[in-house]
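Below is one structure, written out as structure tokens; comments come after it.
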Amino acid sequence: MRLQKFLARAGVASRRGSEDLMTAGRVAVNGVVTSELGAKVDPATDTVTVDGREVRPDEGAAYFALNKPAGYVTTMSDPQGRPTVADLMPADAPAGLFPVGRLDLDTTGLLLLTSDGELGHRLLHPRHHVWKTYRAEVDGEPSDADLRALADGIELDDGSTAPARAHLVWSEGSRAEVELSLREGRKRQVKRMLSAVGHPVRALHRIAFGPVELGDLAPGATRPLTDAEVAALHAEAGED
Ligand code: URA
């Protein structure tokens with residue numbers, strides 16, 4: 001594995017930041033300062049240090065799922081002093097966690113948090129097209145034509161939406177629930193798409209992010225991701 005990738009995965013810095021640490025001569029492999037950007041390490045056998053302190057990837061990178069309740073801002077600190085998702089993390093969670101993407105203040109459901117800067121960045125990059133699945137309670141009952149339009153693409157003020165998946169979960173005339181899966185992540189995208197077909201969102205809940213499912217995690221609760229989920233996220237993010 002390339003040294004800068006090893007450092008990024010361990011949560012030391014982004015890959016770019018890790019390269020800067022290397023070229024600054026602050027990184028050593030088995031005691032030898034290594035500034036060459038092509039350098040490789042074997043995480044199982046090599047000892048990597050930054051400023052003389054050993055970096056251990058297994059301890060460095062943490063991955064959590066949170067069932068975000070409404071009323072919490074998706075940030076680790078809020079200048080306005082509102083409750084943030086950081087308030088919901090376990091007291092012994094490692095430093096350096098950040099949310100992967102954003103849910104609106106009133107949106108509930110699955111939010112991933114990690115200290116793996118490289119993975120977080122890749123998961124959000126449009127190139128990797130990770131599916132995110134939402135359940136939206138809406139006004140009225142979307143027709144088959146509405147659902148087709150949501151799936152085929154809707155013209156929004158920032159351009160047409162990419163192909164998506166949409167189906168009706170239940171309907172009782174004046175209200176319905178739509179399940180919508182998107183590979184994009186534009187601001188307020190689900191709400192804007194449903195408003196555009198005449199069915200404003202009353203409540204929005206995310207149930208899956210790529211291979212990770214919310215399952216029965218209680219509102220406000222967190223859980224560490226399993227090794228299998230972390231591996232699947234790395235695979236979806238296209239890491240080599
Ligand atoms: N789309 C929205 O409109 N809001 C969210 O929080 C997430 C996706």
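The values are calculated or read from the model by the stated rules, or taken from the named source; none is laboratory data. Source: prediction; values computed, not measured. Ideal geometry is used to build each Cβ from the backbone, glycine not excepted, and the neighbour counts take in all protein chains shown. Heads up: the accessible areas ignore ligands, DNA and RNA and are worked out on the full protein's heavy atoms, side chains in. Shrake-Rupley method; radii C 1.70, N 1.55, O 1.52, S 1.80 Å.
Where helices (runs of 4 or more DSSP H) sit wholly within region 1-77, those with at least 3 residues that are surrounded by 13 or more Cβ atoms within 10 Å (Cβ to Cβ) occupy 3-9, 15-23. Within region 187-228, the set of residues being near the ligand (Cβ under 9 Å from one of its atoms) and more than 13 Å from the chain's Cα centre (by Cα) comprises 187, 188, 189, 190, 191, 192, 193, 194, 201, 204.
Reported count of residues in region 209-237, each being in a loop (DSSP other than H, G, I, E, B) and of a type in the set (Val, Ile, Thr), is 1.
Just one of the numbered conditions (1) at pLDDT 95 or above; (2) at positive phi is not true of residue 129: (1). Residues in region 159-176 that are away from the ligand (no atom under 13 Å from the Cβ) and either closer than 30 Å to residue 121 by Cα or buried (at least 18 other Cβ atoms within 10 Å of the Cβ) (or both): 159, 160, 162, 163, 165, 166, 167, 176. The test for being over 16 Å from residue 222 (Cβ atoms), touching a residue at least 40 places away in the same chain (Cβ under 8 Å) and either assigned to a helix (DSSP H, G or I) or out of contact with any Leu (no Cβ under 9 Å at 6 or more places or on another chain) (or both) holds for residue 184. Restricting attention to region 91-115, the residues that are more than 16 Å from the ligand (Cβ to nearest atom) and modelled with pLDDT of 90 or more total 2.
Each residue in region 177-186 was checked for being aliphatic (A, V, I, L, M) and either within 19 Å of residue 159 (Cα to Cα) or within 8 Å of the ligand (Cβ to nearest atom) (or both), and 2 of them qualify.
Among the residues of region 144-158, what is the count of those that are farther than 22 Å from residue 210 by Cβ and within 16 Å of the ligand (Cβ to nearest atom)?
4
The C-beta contact set for region 94-116 (first residue assigned to a strand (DSSP E or B) and open to solvent by 20 Å² or more (accessible area, probe 1.4 Å), second residue near the ligand (Cβ under 9 Å from one of its atoms) and of a type in the set (Ser, Thr, Tyr), distance under 6 angstrom, 6+ apart or interchain) comprises 99/74.
Scan region 117-158 for residues that are part of a loop (DSSP other than H, G, I, E, B) and either open to solvent by less than 30 Å² (accessible area, probe 1.4 Å) or among the aromatic types (Phe, Trp, Tyr) (or both) and report the count.
Total meeting the criteria: 6.
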